[in-house]
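Undergrad: Have a look at this one.
The values are calculated or read from the model by the stated rules, or taken from the named source; none is laboratory data. Model, not experiment: these values are computed from the prediction. Cβ: placed from backbone, ideal geometry, glycine included. Neighbour counts: every protein chain shown.
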Amino acid sequence: MEARVQTSKRERIKPKEAMSPRSMQDFVWKLILTVILLAFAISMVLPFLWMISTSLKKPIEVFAYPIQWIPHTFQWDNYKEVWSGPRSFWIYYWNSIKVTGLTVIGTVMVSSAAAYGFSRIRFKGRDTVFMIFLATMMVPDQVTLIPRFILFNYLGIYNTHLSLIIPGIFTAFGTFLMRQFYMTVPNELSEAARMEGANHFRIWLKILVPLSKPTLVSLVILSFTWNWNEFVNPLVFLNKKELFTVPLGLTNFIDEAGTEYSLMMTAAVSSILPVIVLFLACQRWFIEGVVSSGVKG
Amino acid sequence: MNYKAMSWVLTGSLLMAMLTGCSGGQPQADKGKGAPAASPAEGGNKPQEPVTINFWGAIPEESGPAKVVENWNKANPDIKVNYKRFVNDEAGNTKLETALLANGEVDVFISYRADKVMKRIDSGMAEPLDAYIQKDNFNVEENFGKQSIVKVKNQTYYIPAIILNDFVTLNKKYLDDAKLPIPKDWTWEDYKDYAQKLSKGEGANKIWGSMVGNVPKVYEWMDKAVKMPIGPDAFYTSDGKSNFEHPAFKKYLDDQIDLQNKLKVQPNFAEAKATKMDGNQMFLSGKAAMFWQGTAVLRNIKNLKDYPHDFVTAFAPVPKQNKDDKYVTAGTGYLDFVSINSRSKVKDAAWKFVKWYVTEGNEPMIQGGRVPAWKKADPDKVVSLILGDNPEKLFDVPSFKSALMLDKEFIVDTKFNSSPEIQKIVEEEGERAFIGEQSSEQAVKNMKKRADEVLAKNK
Amino acid sequence: MKLKHQQAETLSGWLFILPSVVGFSILTILPILFSMVISFTEWNFLKGLSGFRFVGLGNFLKMWSDRWFTDSLKNNVLFTAVTVPFTMVLSLLTAIGLNRGVFFKNPIRLMIFMPYISSIVAISIVWGVLYNPSQGPINGFLHGIGISDPPKWLASSTWALPSIIIMSIWANIGYNMIIYLAGLQNIPKDLYEAAKIDGAGPAACFFNVTLPMLSPTSFFVLITSIIHSFQVFGAVFIMTQGGPGSSTSVLTYYIYQVGFSFYDMGYASAMAWILFLIILSVTLLQWQGQKKWVNY
């Protein structure tokens, strides 16, 4: 906490300092770096700008070439149609929030616990089991789709949200990510706690979990994003319209006469807002590192 | 290592055996060969417990199906129909196919491609309908025409609900400006001539003379074009090989290459593909004078809110390759193949619905351009439903009527050997010819060689 | 006493990983084993579980004379070999740049993450326009600097794969950046201060503190990037569908086609298992190699 206050103070003061040659040089470097990264970053929002611009167009204008970034007339009705029309988006939104939220919470808990087991405790068979976990990421989903369908059907979770949530919780990715961080935490920390009589559960919950906040946050952002955008699994495992998630809702705008890109992009822009909000809410963890002098190498 | 691998395989097979055992209760296609079994729903004795039928199709609900289902449910309180929509692309078809395997998810389904319906029949997904047809004295030939159904092992597995139309739409204003008549019977040479005369401008303001398809594809349009000189099963010879040696294939590629690269009156294939150029939009915004698409364009022509335009659309048949080509209908033909899932538990009720849907039931689909295959539908009513309230303002009605080809005989394919593989080959070799990486001659040679290999392998 | 302690450790170890092990065994490993069994059969999944025909090693033998398979495999290897290092270096540099010394940190960070959450359709349309051979800005620029015959990008068998590679690198930077940013936060600040006191300049700090301390993160990024890039699908599916010719065909796309449009799930599974073995051996190599450069 203290360390954080210090850093931010230091940062604020810096530019105000008198222009010594050293800080002048820093300033120029910073400026150059900013320009480079900004140019890079601007290219990266182009698709999103195209989405916004398309979402406000009439279908007939969408593919005018060269790209018309500013619509002829703004079709705010598109938003009205997506949100309150016959193909209203609310239900998909709610389903996505439910499915993604539960999956992310589950992933974070299960991955973090497993990662602790895989990194902080030595026991026989540990690394073999971990390798098998990793190996599961290497089999392409395309060939496990039908087996999973058969299995889920047999387990009775086909056509329910559980068919997305339960498998979504168990990701080798999350376990691996957390394990890599736990491996770096010096042993002295947990040894000290052990001396005081703490068991593994307490060490995990009270020491490692708080320490791993930046990593946990990146896991939250990434797993939220890919669960939110997941298309094939909900497509195959859900048939009831009441259960559909946002990516399935987007297919409402495709038919044999082509794709209604303007409405689809209206829905797509709406659909990535939660991800942006989550990102903004989480990003303070990237700025304010929680690692302070407590951890020493 | 060996031991380990062995034990993995063994565990796997055990698990599989377990799964197989557990799902053994599913009703299979071969059970009773579709003899109508007595179902509790029959006769409507128990109106308090309606049977539910899950009906799967690819048309968005608001373009007809919602109304169809509403009409049915109003008239049949004992059989409740639920419409479920899938998107007719690869992923959407996979969704349908897995759902077909699950119990109770699908009772009636529509296939939108002939090769797909054949594959589903082969795999035992569709229930034979002959017993039901006989029982009800339902005369398929009289109701839908002699060639409406391709039988498999002498059994009927589907009934076509519609005729999908294949035609070229033309911007009448541009035709008039160029003093060109609406073509009635034309060849690709005439088409190229039209396209040249209708092209105008340069760069961003260019008006293209011609657009082929909503999104650039090779196989789909080649398939339709070569039907005119060759007829049914154009891709196969009678001895089970591929037919790419027939000059029609090379001619199609040459005509396309002329339009795109030599005359530059049609957007270049690769550029159109990369920029996701949309044919509907190009045509309706007046940036393309002629557009070969067919049925799918009709709904958008009427949609002035999304596609505001002030010209009249005229219609022409697909051009022939030679003046004396035997066939005239190109890709126009039966579609929306309605089948009953062989795993359905409510087949009698499903049949009742199917019979109604393929005859009078699909009327609400007509306004979306889907012409009923049912012979007893009144053609004038069909035309007026398709054209909507304000036909003269948007459509050239006489040319539309003749483009429907209601009185012509359609070309019906019966062979689909390795069709998805052949489609992939045509797509690859054709595209390379279009972008100038190989000659059309080389392309058809490669198609022939590769397709023959696949056909020999999959025999 | 020692033994008892070890037993207790083993027990608690298993307790921690138990939820994962159970979940994985049922939901992930079962289907994977299933697909392994399928790979020795000919199976059209439409026929349900009754339609298997055992073909032994047939599927594994025939793929080497299947041009679609060999082309896709080549493309996969090239794709991975180029995208992984470039993405890693660029995302690391971006993360470091953002972590210190830039104005507008917050907006830039979000902007760089945007491709990862934007609609892939939008991305492919924008890049399709950028790559447009005759009117696109990229070739406009190349013309401008005097290149008279610039590549035709997506419209050329030679350049289509590089086009997709460039786009994928661009799109994946934000994703790896997130992981690197977290890794950077985990480096104790005292280490930098200690290094500074020892008189280390920025470059020395980077090579002696940042890089070694980030090595577990880099290892993670390396392994997951290799896995993901061998399984690239979306970009190809939306942009080129494997064309022109089969110049951008990749294995997952071909596997998908074979399983779901050619209805040969046995063959699809066999190819998937070969892909699996390739990824696994690359990973195992890295796993052995990590001792040399990863600091835990």
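Undergrad: Inside region B:344-361, can you point out the residues that are more than 17 Å from B:Pro50 (Cβ to Cβ), touching a residue at least 40 places away in the same chain (Cβ under 8 Å) and surrounded by fewer than 23 Cβ atoms within 10 Å (Cβ to Cβ)?
TA: B:Lys355, B:Thr359, B:Gly361
Undergrad: In region B:78-88, is there at least one residue being in the same structural domain as B:Ile149 (by TED's automatic domain parsing), of a type outside the set (A, V, I, L, M, F, W, C) and without any contact (Cβ under 8 Å) to a residue 24 or more places away in the chain?
TA: First, pick out the residues of region B:78-88 that are in the same structural domain as B:Ile149 (by TED's automatic domain parsing): B:78-88.
Those left that are additionally of a type outside the set (A, V, I, L, M, F, W, C): B:78, B:80, B:82-85, B:88.
Those left that are additionally without any contact (Cβ under 8 Å) to a residue 24 or more places away in the chain: none.
No, every residue in region B:78-88 fails to be in the same structural domain as B:Ile149 (by TED's automatic domain parsing), of a type outside the set (A, V, I, L, M, F, W, C) and without any contact (Cβ under 8 Å) to a residue 24 or more places away in the chain.
Undergrad: A follow-up question, please. Would you be able to say whether some residue in region A:259-270 is without any contact (Cβ under 8 Å) to a residue 12 or more places away in the chain and surrounded by fewer than 20 Cβ atoms within 10 Å (Cβ to Cβ)?
TA: So far as region A:259-270 goes, no, none of its residues is without any contact (Cβ under 8 Å) to a residue 12 or more places away in the chain and surrounded by fewer than 20 Cβ atoms within 10 Å (Cβ to Cβ).
Undergrad: Please go through region B:195-220 and give me each residue that is within 12 Å of another protein chain (Cβ to nearest Cβ), free of Cβ contacts under 8 Å to residues at least 24 places away in the same chain and on the phi > 0 side of the Ramachandran plot, ordered by number.
TA: Of everything in region B:195-220, just one residue is within 12 Å of another protein chain (Cβ to nearest Cβ), free of Cβ contacts under 8 Å to residues at least 24 places away in the same chain and on the phi > 0 side of the Ramachandran plot, namely B:Gly203.
Undergrad: Test of understanding: among C:Ser163, C:Ser249, which residue is of a type outside the set (A, V, I, L, M, F, W, C) and either more than 14 Å from chain B (Cβ to nearest Cβ) or assigned to a loop (DSSP other than H, G, I, E, B) (or both)? Walk me through how you get there before you give the answer.
TA: Numbers: C:Ser163 fails: either more than 14 Å from chain B (Cβ to nearest Cβ) or assigned to a loop (DSSP other than H, G, I, E, B) (or both).
Selected residue: C:Ser249, the only one of C:Ser163, C:Ser249 that is of a type outside the set (A, V, I, L, M, F, W, C) and either more than 14 Å from chain B (Cβ to nearest Cβ) or assigned to a loop (DSSP other than H, G, I, E, B) (or both).
Undergrad: Being surrounded by 17 or more Cβ atoms within 10 Å (Cβ to Cβ) and over 27 Å from B:Met118 (Cα atoms), is that true of even one residue in region B:412-431?
TA: Yes, some residue in region B:412-431 is surrounded by 17 or more Cβ atoms within 10 Å (Cβ to Cβ) and over 27 Å from B:Met118 (Cα atoms).
Undergrad: Also: May I ask you to list the residues in region B:349-381 that are of a type outside the set (A, V, I, L, M), touching a helix residue (DSSP H, G or I) at 6+ places or on another chain (Cβ under 8 Å), farther than 16 Å from B:Pro65 by Cα and not in a helix (DSSP H, G or I)?
TA: Selection gives B:Trp374, B:Lys375, B:Lys376.
Undergrad: Restricting the search to region C:149-160, which residues are part of a helix (DSSP H, G or I) and out of contact with any Leu (no Cβ under 7 Å at 6 or more places or on another chain)? Talk me through it step by step, then tell me what you get.
TA: Here is the first cut: in region C:149-160, the ones part of a helix (DSSP H, G or I) are C:153-155, C:160.
Those that are part of a helix (DSSP H, G or I) and out of contact with any Leu (no Cβ under 7 Å at 6 or more places or on another chain): C:Trp153, C:Leu154, C:Ala155.
Undergrad: Just checking, which of B:Ala373, B:Ala451, B:Ala456 is over 30 Å from B:Tyr132 (Cβ atoms) and touching a residue at least 12 places away in the same chain (Cβ under 8 Å)?
TA: After applying the criteria, what remains is B:Ala451.
Undergrad: Tell me, yes or no, whether region C:180-199 has at least one residue that is within 14 Å of chain B (Cβ to nearest Cβ) and of a type in the set (A, V, I, L, M, F, W, C).
TA: No: region C:180-199 contains no residue that is within 14 Å of chain B (Cβ to nearest Cβ) and of a type in the set (A, V, I, L, M, F, W, C).
Undergrad: Go through the residues of region B:322-337 one by one and say whether even a single one is outside any helix (DSSP H, G or I), farther than 26 Å from A:Ala257 by Cβ, in contact with a Ser or Thr (Cβ under 7 Å, 6 or more places away or on another chain) and not assigned by TED's automatic domain parsing to the domain that holds B:Glu61.
TA: Looking for residues that are outside any helix (DSSP H, G or I), farther than 26 Å from A:Ala257 by Cβ, in contact with a Ser or Thr (Cβ under 7 Å, 6 or more places away or on another chain) and not assigned by TED's automatic domain parsing to the domain that holds B:Glu61, one finds at least one in region B:322-337, hence yes.
Undergrad: For region C:27-58, name all the residues that are more than 7 Å from every other protein chain (Cβ to nearest Cβ), modelled with pLDDT under 90 and assigned to a helix (DSSP H, G or I).
TA: C:Ser50
Undergrad: Quick one: would you say C:Pro85 is within 9 Å of another protein chain (Cβ to nearest Cβ) and in a helix (DSSP H, G or I)? Please lay out each step first, then the result.
TA: Working: within 9 Å of another protein chain (Cβ to nearest Cβ): no; in a helix (DSSP H, G or I): yes.
Taking the combined requirement at face value, the residue does not satisfy it.
Undergrad: While we're looking at this one, here's another question. Given the condition within 14 Å of chain C (Cβ to nearest Cβ), of a type outside the set (A, V, I, L, M, F, W, C) and under 30 Å from C:Val102 (Cβ atoms), answer yes or no: does some residue in region A:47-55 qualify?
TA: Checking region A:47-55: at least one residue is within 14 Å of chain C (Cβ to nearest Cβ), of a type outside the set (A, V, I, L, M, F, W, C) and under 30 Å from C:Val102 (Cβ atoms).
Undergrad: Keeping to region C:1-26, report how many residues are charged (D, E, K, R) and at the interface with chain A (Cβ under 9 Å from one of its Cβ atoms).
TA: 1
Undergrad: Okay, moving on. Just to be sure before I move on: is A:Pro234 touching a Pro at 6+ places or on another chain (Cβ under 7 Å) and either not in a loop (DSSP other than H, G, I, E, B) or not assigned by TED's automatic domain parsing to the domain that holds A:Gly117 (or both) in the structure I sent?
TA: yes
Undergrad: In the set B:Val168, B:Val218, B:Val212, B:Val152, which member is closer than 22 Å to B:Ser285 by Cα and touching a helix residue (DSSP H, G or I) at 6+ places or on another chain (Cβ under 6 Å)? So that I can check it myself, show each step before the final result.
TA: Numbers: B:Val168 fails: touching a helix residue (DSSP H, G or I) at 6+ places or on another chain (Cβ under 6 Å); B:Val218 fails: closer than 22 Å to B:Ser285 by Cα; B:Val152 fails: closer than 22 Å to B:Ser285 by Cα.
Just one listed residue meets the conditions, B:Val212.
Undergrad: Is it fair to say C:Tyr296 is assigned to a loop (DSSP other than H, G, I, E, B), farther than 23 Å from C:Ser119 by Cα and over 20 Å from the mean Cα position of the chain (by Cα)?
TA: Taking the combined requirement at face value, the residue satisfies it.
Undergrad: Anything in region C:92-138 that is touching a Lys or Arg at 6+ places or on another chain (Cβ under 6 Å) and under 22 Å from A:Ile276 (Cα atoms)? List them, or say none.
TA: The answer is C:Leu98, C:Ile125.
Undergrad: In addition: Is region A:151-169 home to any residue that is touching a Phe, Trp or Tyr at 6+ places or on another chain (Cβ under 6 Å) and facing chain C (nearest Cβ under 7 Å)?
TA: Looking for residues that are touching a Phe, Trp or Tyr at 6+ places or on another chain (Cβ under 6 Å) and facing chain C (nearest Cβ under 7 Å), one finds none in region A:151-169, hence no.
Undergrad: Sort out for me the helices (runs of 4 or more DSSP H) sitting completely within region B:214-313 that have 2 or more residues that are more than 25 Å from the chain's Cα centre (by Cα).
TA: In region B:214-313, the matching helices (runs of 4 or more DSSP H) lie at B:247-257.
Undergrad: So which of A:Tyr79, A:Tyr92, A:Tyr116 is in contact (Cβ under 8 Å) with a residue 24 or more places away in the chain, aromatic (Phe, Trp, Tyr), within 14 Å of chain C (Cβ to nearest Cβ) and surrounded by 15 or more Cβ atoms within 10 Å (Cβ to Cβ)?
TA: A:Tyr116
Undergrad: Moving to a separate point now. Please go through region B:83-109 and pick out each residue that is more than 9 Å from every other protein chain (Cβ to nearest Cβ) and over 25 Å from C:Gln241 (Cβ atoms).
TA: Matches in region B:83-109: B:Tyr83, B:Gly104, B:Asp107, B:Val108, B:Phe109.
Conditions tested, residue by residue: (1) in the same structural domain as B:Glu90 (by TED's automatic domain parsing); (2) modelled with pLDDT of 95 or more; (3) not in a helix (DSSP H, G or I).
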| site | (1), (2), (3) |
| --- | --- |
| B:Lys393 | no, no, no |
| B:Ile411 | no, no, yes |
| B:Thr414 | no, no, yes |
| B:Val426 | no, yes, no |
| B:Gly436 | no, no, yes |
| B:Met447 | no, yes, no |
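Undergrad: Moving on to the next point. Collect the residues in region B:61-98 that are part of a helix (DSSP H, G or I), surrounded by 17 or more Cβ atoms within 10 Å (Cβ to Cβ) and in contact with a Lys or Arg (Cβ under 8 Å, 6 or more places away or on another chain), keeping them in residue-number order.
TA: Correct list: B:Glu61, B:Ser63, B:Pro65, B:Asn93, B:Glu97.
Undergrad: Do we find that B:Val328 is among the aliphatic types (A, V, I, L, M), away from chain A (no Cβ under 14 Å) and over 17 Å from B:Gly279 (Cβ atoms) in this structure?
TA: yes
Undergrad: Out of B:Asn143, B:Asn171, B:Asn214, I need the residue that is closer than 24 Å to B:Pro420 by Cβ and among the polar types (S, T, N, Q). Which one?
TA: After applying the criteria, what remains is B:Asn214.
Undergrad: When the residues of region B:175-213 are narrowed to those that are in a helix (DSSP H, G or I) and among the basic types (Lys, Arg), which ends up surrounded by the fewest Cβ atoms within 10 Å (Cβ to Cβ)?
TA: Out of the qualifying residues, it is B:Lys197.
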